[in-house]
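I have placed the structure first, in the form of structure tokens, so that the comments after it can refer back to it.
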Amino acid sequence: MLNKSTPTLRDGTRIEDLFNLETREVSLSTMYDPEIHQIEMEKIFTKVWLLLGHASEIPKSGDYVVRYMGQDEVIVSRDRKDEIHVSLNVCPHRGMHVCTAESGNAQVHKCIYHGWAFRPDGSFVGAPLEKEKMHGEIYPKEKLGLKKARVQLFHGLIFATWNQEAAPLEDQLGDMKFYYDIMFGKTHGGMEVLGAPQRLTIPANWKTAGEQAACDGFHTLTLHRSQFDIGNFGNISDTMDEFIPIMQGVNVAQKGNALRCISAATTFTSLIGSGEDFSKLSDLEKITKLPPPGIVTEQLLAEMKERLSPEQIHVCSVAPPQVGNMFPNVNLLFIYAPLPDGTLGSGYVIHTINPMGADKFQWITWFLCEKDTPEEIKDIIRAVAVQTGGTSGLIEQDDSDTWPHMTIAAKGAWGRTETLKYQAIGGENRPEGWPDKAHVYAGLSKDDAQWHWWLQYHELMTQ
Amino acid sequence: MNNTAEKVAPFEIPPINLPKPTDSITHYQIQQFLHLDAYLLDHNMLAEWLNILAPDLRYFVPIRQTRERKDRDKEFSTKLGHMDDNFQSIAMRVHRLVNTGTAWSEDPASRVRRFVTNVSVWETDVLGEYDVTSYLLLTRNRFYQDDYHLLSAERIDRIRRKGESFELVSREVRMDQSVLGMPNLAIFL
Ligand code: FES
Ligand SMILES: [Fe+2]
């Protein structure tokens, strides 16, 4: 525990002291502390790969959207060569935002303040009064472009980092890439967004949502209890200590990334329940009976079989990855939802949790679908996903109203001394036939996977 | 005497191009209907509120983006919203709120008031159906807050005569925020 380099807060508390790795506790003060927040900005948000959006949001040359990396606004744009660039939305002249709209199309971004102009790749075009050398002669033009982040695409998802030394994104995803490939890489056409994202402000620390995203299974039973009460999650016995189907499955985690793979048999029986014995079916038959969101045509199903390995098909048929995160601030949700008419709708929801200070974050929510899913199915998926996730989602509206309480609690003199506990330990346990990818925790969803989130946070914060 | 002063503008002023509003009795009746709508919601009479919704209801709160003035026609998403509901899904929301006792996003319930003003009513091609716009100022207070979450919007409704009263056929709520300032829309607008 004697780590000299671990940062120290003004009151003498070392970052290291916020954790008890043995008892699996984290100080609640982490959920509101401007000093810790500042350290997070440096040690996490300027160091790791961050998700900014999806390539389908900016399909044409010159298209751009404005997003966040930590509290920095960035311009995400596509240039004439079809390459995607991420540049700081701060004018190097005197600090004005270069883009004031949140999306649009432009081959030249001209700062409205004194007119310096930049290309979609961030490079400096010039200043007005070229002959008079308005931009001076001290710096060459090459030095006057927007600050640029490194960019990497993952199945169309746009990631960027300020860290020039960072290993490729694959390193950050680790073995979990195997599962993310299942979620995002099933078809040749790939995914697309179903519209511009929802954005809302939540008066809470970003980690309230960040750590929950990493496989907090237990809150499903209580915070989302109404979903059982209205029959969306299958039935629940009143005694709560009986076998609870939706809690069964396989949690997988590594490097702060975690996913809950929920038993497909359970989903099948509770939502479709045709009386058929799902477990008797072959892997491919299972996927045909319970296809992932949008895989509704023969063609798409064939593509999925072609692109995924037999191991990935196996995971998908036994317990597809459904809920989880990507470290640090991405939340993924893939839902099978029953429609009022008895059929099955489903959709993909992706959130980023963007810190805006120690007690505020902006929640950005995208809804995605396979690009080649027929349009009329997309319309159903879009509506079902919006009714389930995001701003008004029947599931997620309970989450977003809970997080602010934790941050307020963390402001109290005694509240901040409380701890977050992750002591429901199941231990590693890999079912027969399940691939040896990441840490595997089969059975009832406990705290094992979620603890990985804090281990990763701890590692970065004490470096 | 004629006022001969010239109206000087640096460009040609276009005419106001709005259809003629409906008669004052219909206007008054529809205004009363919008008051009823707000009353039921503000007093948490959600189950009763379902009575005034049409079975073919479309309820949509589009995403709004900050765009340059030249792109203003692209401000509102025509496809994706913060809410996208029909009668069945609205009824499910109400069922969860009033019958489960576990709808935590609204339990304890928010204290909400809906101020509805600037009502305009136009006839449509369909007899007994009206296009109605109104302004909404909504205040929402929860828990310990000493201030309010505010939401202002224009509502574009289609309202249909039904017996002595009316029913809501469609509602599009055009919010004035591109980033919603409250943690959810667990309430109706
Ligand atoms: S601040 Fe942008 S041109 Fe001066
Ligand atoms: Fe949740």
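The values are calculated or read from the model by the stated rules, or taken from the named source; none is laboratory data. These figures come from a predicted structure and were not determined experimentally. Note that each Cβ is placed from the backbone with ideal geometry, even for glycine, and that neighbours are counted across all protein chains shown. Ligands, DNA and RNA are excluded from the accessible area calculation, which covers all protein heavy atoms including side chains. Shrake-Rupley method; radii C 1.70, N 1.55, O 1.52, S 1.80 Å.
Tell me yes or no: at least one residue of segment B:145-158 is among the aromatic types (Phe, Trp, Tyr) and facing another protein chain (nearest Cβ under 10 Å). No, because not a single residue in segment B:145-158 is among the aromatic types (Phe, Trp, Tyr) and facing another protein chain (nearest Cβ under 10 Å).
Looking at the structure I just gave you, is residue B:136 away from every other protein chain (no Cβ under 14 Å), of a type in the set (A, V, I, L, M), surrounded by 14 or more Cβ atoms within 10 Å (Cβ to Cβ) and assigned to a strand (DSSP E or B)?
Values: away from every other protein chain (no Cβ under 14 Å): yes; of a type in the set (A, V, I, L, M): yes; surrounded by 14 or more Cβ atoms within 10 Å (Cβ to Cβ): yes; assigned to a strand (DSSP E or B): yes.
Answer is yes for this residue.
Beta carbons closer than 6 Å, at least 6 apart along the sequence or on distinct chains, pair a first residue in segment A:407-435 that is within 14 Å of chain B (Cβ to nearest Cβ) with a second that is open to solvent by 30 Å² or more (accessible area, probe 1.4 Å) for A:407/A:32; A:407/A:359; A:411/A:32; A:415/A:409.
Would segment A:56-65 turn up any residue that is open to solvent by less than 20 Å² (accessible area, probe 1.4 Å), away from chain B (no Cβ under 14 Å), away from ligand 1 (no atom under 16 Å from the Cβ) and small (Gly, Ala, Ser)? Give the steps one after another, and end with the answer.
The first filter runs over segment A:56-65 and keeps only residues open to solvent by less than 20 Å² (accessible area, probe 1.4 Å), leaving A:58, A:62-65.
Retained after the next criterion (residues that are away from chain B (no Cβ under 14 Å)): none.
No, segment A:56-65 has no match at all.
Sort out which residues of segment A:192-204 are in a strand (DSSP E or B) and at the interface with chain B (Cβ under 7 Å from one of its Cβ atoms), and write them in order of number. Break it down into steps so the answer makes sense when it comes.
Keep residues of segment A:192-204 that are in a strand (DSSP E or B), which gives A:192-193, A:198-202.
Scanning segment A:192-204 gives A:198, A:199, A:200, A:201, A:202.
Quick check, is residue A:189 more than 14 Å from every other protein chain (Cβ to nearest Cβ) and either open to solvent by 30 Å² or more (accessible area, probe 1.4 Å) or more than 16 Å from ligand 2 (Cβ to nearest atom) (or both)? It is true that residue A:189 is more than 14 Å from every other protein chain (Cβ to nearest Cβ) and either open to solvent by 30 Å² or more (accessible area, probe 1.4 Å) or more than 16 Å from ligand 2 (Cβ to nearest atom) (or both). Applying a threshold of 9 Å to beta carbon distances and a minimum spacing of six or more residues, or different chains, the list of pairs starting in segment A:216-230 at a residue that is within 21 Å of residue B:99 (Cα to Cα) and near ligand 2 (Cβ under 10 Å from one of its atoms) and ending at one that is among the hydroxyl-bearing types (Ser, Thr, Tyr) and part of a helix (DSSP H, G or I) reads A:219/A:402; A:223/A:402; A:227/A:220.
Inside segment A:1-28, can you point out the residues that are assigned to a helix (DSSP H, G or I), surrounded by 20 or more Cβ atoms within 10 Å (Cβ to Cβ) and touching a residue at least 60 places away in the same chain (Cβ under 8 Å)?
Initially, segment A:1-28 is screened for residues assigned to a helix (DSSP H, G or I), giving A:15-18, A:28.
With surrounded by 20 or more Cβ atoms within 10 Å (Cβ to Cβ) added as a condition, the list becomes A:15, A:18, A:28.
Passing the criteria: A:15, A:28.
Assessment of segment A:110-133 against the conditions (under 21 Å from the mean Cα position of the chain (by Cα), touching a residue at least 40 places away in the same chain (Cβ under 8 Å) and more than 16 Å from ligand 2 (Cβ to nearest atom)) yields no matching residue. Which one is farthest from the other protein chains (Cβ to nearest Cβ), of the residues in segment B:56-75 that are surrounded by fewer than 17 Cβ atoms within 10 Å (Cβ to Cβ) and closer than 17 Å to residue A:383 by Cβ? Restricting to residues being surrounded by fewer than 17 Cβ atoms within 10 Å (Cβ to Cβ) and closer than 17 Å to residue A:383 by Cβ, the top hit is B:56. Listed by position, the strands (runs of 3 or more DSSP E) inside segment A:81-152 whose residues that are closer than 21 Å to residue A:71 by Cβ number at least 2 are A:84-88. Restricting attention to segment A:66-111, the residues that are more than 14 Å from every other protein chain (Cβ to nearest Cβ) and small (Gly, Ala, Ser) add up to 4. When the test is whether a residue is open to solvent by 60 Å² or more (accessible area, probe 1.4 Å) and closer than 23 Å to residue A:199 by Cα, residue B:117 does not pass it.
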